[in-house]
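Data block below; observations after.
The values are calculated or read from the model by the stated rules, or taken from the named source; none is laboratory data. The model shown is predicted, which means the values in this text are computed figures rather than measured ones. Counting neighbours? That spans all protein chains shown, and the Cβs are built from the backbone with ideal geometry, glycine included. Accessible surface is based on the protein model in full, side chains and every heavy atom, while ligands, DNA and RNA are left aside. Shrake-Rupley method; radii C 1.70, N 1.55, O 1.52, S 1.80 Å.
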Amino acid sequence: MAMNKTHAPAAQKGVLGMLIDDHREVQALFKEFKSAKDDAKKNEIVQHACMALTAHAEIEEKHFYPFLRKADPDTFADMLDEGKVEHGSAKDLIALLKGMKPGDDLYDARFTVLGEFTNHHITEEEDEMFSKVVSKDIDLRELEAPMLETKKQSMAAQKAGKKP
Ligand SMILES: [Fe+2]
Ligand SMILES: [Fe+2]
């Protein structure tokens with residue numbers, strides 16, 4: 001069951017809300033791809049999703065994951081390791097997709113599988129990790145500003161073509 005950000009307590013609401021918004025954004029893009037008819041639309045969706053996923057993984061790996069690992073390693077270490085491996089699989093597919101265009105062999109399949117991996121990963125984060133963050137009452141408020149800043153930088157760098 002997907003987490004509803006409006007139910008998160010104040011100490012978690014800002015950060016979890018930001019991550020959940022990202023999750024819903026990319027899930028909507030994967031859904032939209034299924035009914036996309038022409039190559040221009042497919043390309044636009046894939047570019048948008050790859051960029052959003054790259055920035056999202058970056059803010060999690062730079063701020064959110066290390067913070068949880070430090071706050072409560074017994075609870076989070078294993079799920080954070082798994083999350084990192086899943087981010088790695090997504091990054092591999094994103095790197096492949098960036099070198100492709102609609103109509104190429106396996107283009108649709110790679111994006112579809114990226115969507116399946118992503119949905120699985122999102123479910124694990126929200127159902128296991130985020131729910132534990134709430135039940136353990138981990139105060140995330142200090143992460144909010146740095147996460148927003150990293151996201152802004154990542155999107156700008158990607159748009160400028162400085163990042164893969
Ligand atoms: Fe996430
Ligand atoms: Fe993630």
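Brief remarks follow.
- Residue that is nearest to Gln47 (Cα to Cα) [pool: residues in segment 62-87 that are open to solvent by less than 30 Å² (accessible area, probe 1.4 Å) and without any contact (Cβ under 8 Å) to a residue 60 or more places away in the chain]: His87
- Out of Gln47, Gln12, sole residue that is in a helix (DSSP H, G or I), at negative phi and either β-branched (Val, Ile, Thr) or touching a residue at least 12 places away in the same chain (Cβ under 8 Å) (or both): Gln12
- When segment 94-113 is filtered for residues that are farther than 13 Å from Lys41 by Cβ and under 20 Å from the mean Cα position of the chain (by Cα), the ones remaining, listed by number, are Ile94, Ala95, Leu96, Leu97, Lys98, Ala109, Arg110, Thr112, Val113.
- Any hit, segment 91-98, residues being open to solvent by 20 Å² or more (accessible area, probe 1.4 Å) and closer than 17 Å to Glu61 by Cα: yes
- Condition check for Gly83: part of a loop (DSSP other than H, G, I, E, B) and not aromatic (Phe, Trp, Tyr): no
- The one condition in (1) under 27 Å from Arg110 (Cβ atoms); (2) in contact with a Pro (Cβ under 6 Å, 6 or more places away or on another chain) that Val26 fails to fulfil: (2)
- Restricting attention to segment 67-123 and to residues that are under 30 Å from Leu143 (Cβ atoms) and of a type in the set (S, T, N, Q), the residue that is farthest from ligand 1 (Cβ to nearest atom) turns out to be Thr75.
- Restricted to segment 105-139, and to residues there that are more than 15 Å from ligand 2 (Cβ to nearest atom), of a type in the set (A, V, I, L, M) and touching a residue at least 60 places away in the same chain (Cβ under 8 Å), the residue that is farthest from Gly17 (Cα to Cα) is Ile138.
- Applying the condition of being surrounded by fewer than 22 Cβ atoms within 10 Å (Cβ to Cβ) and touching a Leu at 6+ places or on another chain (Cβ under 8 Å) to segment 42-55 and asking which residue is farthest from Lys91 (Cα to Cα) yields Ile45.
- Odd one out for Lys37 among (1) over 24 Å from Ser131 (Cβ atoms); (2) basic (Lys, Arg); (3) part of a helix (DSSP H, G or I): (3)
- Tally of residues being of a type in the set (Lys, Arg), within 13 Å of ligand 1 (Cβ to nearest atom) and at pLDDT 95 or above across segment 1-55: 1
- Taken over segment 110-146, the criterion of being charged (D, E, K, R) and open to solvent by 20 Å² or more (accessible area, probe 1.4 Å) is satisfied by Arg110, Glu116, Glu124, Asp127, Glu128, Lys132, Lys136, Asp137, Asp139, Arg141, Glu142, Glu144.
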